[in-house]
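Written below as structure tokens is the structure these notes are about.
The values are calculated or read from the model by the stated rules, or taken from the named source; none is laboratory data. Source: prediction; values computed, not measured. Here Cβ is always computed from backbone atoms with ideal geometry, including for glycine, and neighbour counts include all displayed protein chains. The protein model used for the area step is the full one, side chains on, heavy atoms only, and it has no ligands, DNA or RNA in it. Shrake-Rupley method; radii C 1.70, N 1.55, O 1.52, S 1.80 Å.
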Amino acid sequence: MSRVLVVGASGKTGRHVVPRVVSRGATVRAASRHPERLDVESADPVLFDWHDDSTWGAVLEGVDAVYLVKPESTAVVEVVGRFLDAMDAAGVGRLVFLSECGTQNRSDDITERHVERVVEASELEWTILRPSWYMEDIVDDGFFGPMVRNDRVIVMTTGGSATAWIDARDIADVAAELLVNGGAGGQALDLTGPEALSLDQLAERISAAAGEPVKAIEEGVFEAETRMLADGLNEGFVAYMTRISQSIIAGDTAIVTGEVERVTGRPPRNIDAFLAEHAAQLRPSKAAAGAMDAEQELQRARDNEALFRRLISAWARSDFDGLIDCFADDMVYTDMPFPDDPVRGKAAFREHVEGYNSVFADGQVEVEFETLVASRTTVAGELLCRARYVGPGAPESGVPVRWYATLVDTVVDGKVVTEHVYFDPAAFDKAVQQASALSSGD
């Protein structure tokens, strides 16, 4: 059993890394300046302060791997360098270091890249994570949350380029796998969500989840700097945010990678599911008094969850009458791997899903709910599906196949009006190829 130190255990990614490392059988030291405030099950809260190196030795003793989020400090390069020396002296072998997207394109004298160079020069088994912009920032009070909720706008500097937003939980899944099992020593991994969205596309997705229009506002670099300085932000932070904007404009955040799935074995969460999960945080604070009361809100969510479970159950056993009954007459269904080919209307949808289910033995699919979140207007579910594939290319007896699917449904008056389904259609081809290889003795 390995022991892992998680620095920043209460942070945006650290709080997700802790339970994921524990779930992989390792013991965890959850480091914080205020360990008494940590709510971490099956982990040991420990005192750690970047600005007091007398706290470093005890937390590193007996540790095999460290998850490291760099401190907020004007001397961050020096501090991280000394901590890496302390890791080496304590016999710690493995490091997963959280950086950010696009740093490889910045000069060595820029702080973010300079810190990476210090990591790369160490004797540790290091991996650098460079995630794209976090989905959580859309609802975070320190980022876009207030403007989305109260001003119904999202303001960014993008130059028209897109961003492949990523869920912090996916970053944590990658980090936990590498901390416990290794596998990417000496590499920097670019982590992204499954699709890149322009600012206008992002605003459309937020609007759909919030149930109210949210406007996209493109802000120039100079205007953004002027606004931030007027808001009292220090020049160092403003310069840092400008570098992020320049990375977006240059297209650094528009590249979609497969690193999350390569490391974890599952695709990253999509932004529609995230926004549905956090829909309440997208709505105006001032509208709370005029909204339906809490009990009505809860009951509507319960009804929508029940509808969704009924829908999935009917689909899994090829009960097409029961399935179609869950949808509105003018429903629109979209397989997101093929977004330009939506299915409209119940008759067309029935024909589509009957054809789809025909590739499974007896039309049966075994389904497990990984995640299910419902609100008064939306249901998002992440499913693990298993079936015996008997479609094109499969042997006569079929071949077992498993795949993940995420469904995002919009519900109006107890009926699904739109359904977006995210899955990897290549899962079936892979299963057939593996079966063919086994049958040929390869």
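Considering only residues that are open to solvent by 30 Å² or more (accessible area, probe 1.4 Å) and modelled with pLDDT under 95, look in the range 134-148 and name the one that is nearest to HIS16 (Cα to Cα).
Initially, the range 134-148 is screened for residues open to solvent by 30 Å² or more (accessible area, probe 1.4 Å), giving 134, 140-143, 146-147.
Cutting the leftovers down to modelled with pLDDT under 95 gives us 140-143, 146-147.
On the way: ASP140: 16, ASP141: 19, GLY142: 19, PHE143: 20, PRO146: 24, MET147: 26 Å.
Ranking the qualifying residues of the range 134-148, first place goes to ASP140.
Could you check the range 179-196 and list, in sequence order, the residues that are among the hydrophobic types (A, V, I, L, M, F, W, C) and open to solvent by less than 10 Å² (accessible area, probe 1.4 Å)?
Filtering the range 179-196 down to residues among the hydrophobic types (A, V, I, L, M, F, W, C) leaves 179-180, 184, 188-189, 191, 196.
If the condition is that a residue be among the hydrophobic types (A, V, I, L, M, F, W, C) and open to solvent by less than 10 Å² (accessible area, probe 1.4 Å), then LEU179, ALA184, LEU189, LEU191 are the ones that fit.
Take the residues of the range 97-123 that are of a type in the set (S, T, N, Q) and assigned to a loop (DSSP other than H, G, I, E, B): which is surrounded by the most Cβ atoms within 10 Å (Cβ to Cβ)? Don't jump to the end; show me each part of the working.
Start the filter on the range 97-123 by keeping residues that are of a type in the set (S, T, N, Q), which leaves 99, 103-105, 107, 111, 122.
Checking the rest, the ones that are also assigned to a loop (DSSP other than H, G, I, E, B) come to 99, 107, 122.
Details: SER99: 21, SER107: 7, SER122: 16.
Once the filter is applied, the top-ranked residue is SER99.
Can ASP167 be described as open to solvent by 20 Å² or more (accessible area, probe 1.4 Å), in contact (Cβ under 8 Å) with a residue 12 or more places away in the chain and under 23 Å from the mean Cα position of the chain (by Cα)? Spell out the reasoning first.
Values: open to solvent by 20 Å² or more (accessible area, probe 1.4 Å): no; in contact (Cβ under 8 Å) with a residue 12 or more places away in the chain: yes; under 23 Å from the mean Cα position of the chain (by Cα): yes.
Judged against the criteria, ASP167 is not a match.
How many residues does the range 197-210 contain that are open to solvent by 60 Å² or more (accessible area, probe 1.4 Å) and not acidic (Asp, Glu)?
To start, the set of residues in the range 197-210 that are open to solvent by 60 Å² or more (accessible area, probe 1.4 Å) comprises 200-201, 204, 208.
Those left that are additionally not acidic (Asp, Glu): 201, 208.
The total comes to 2.
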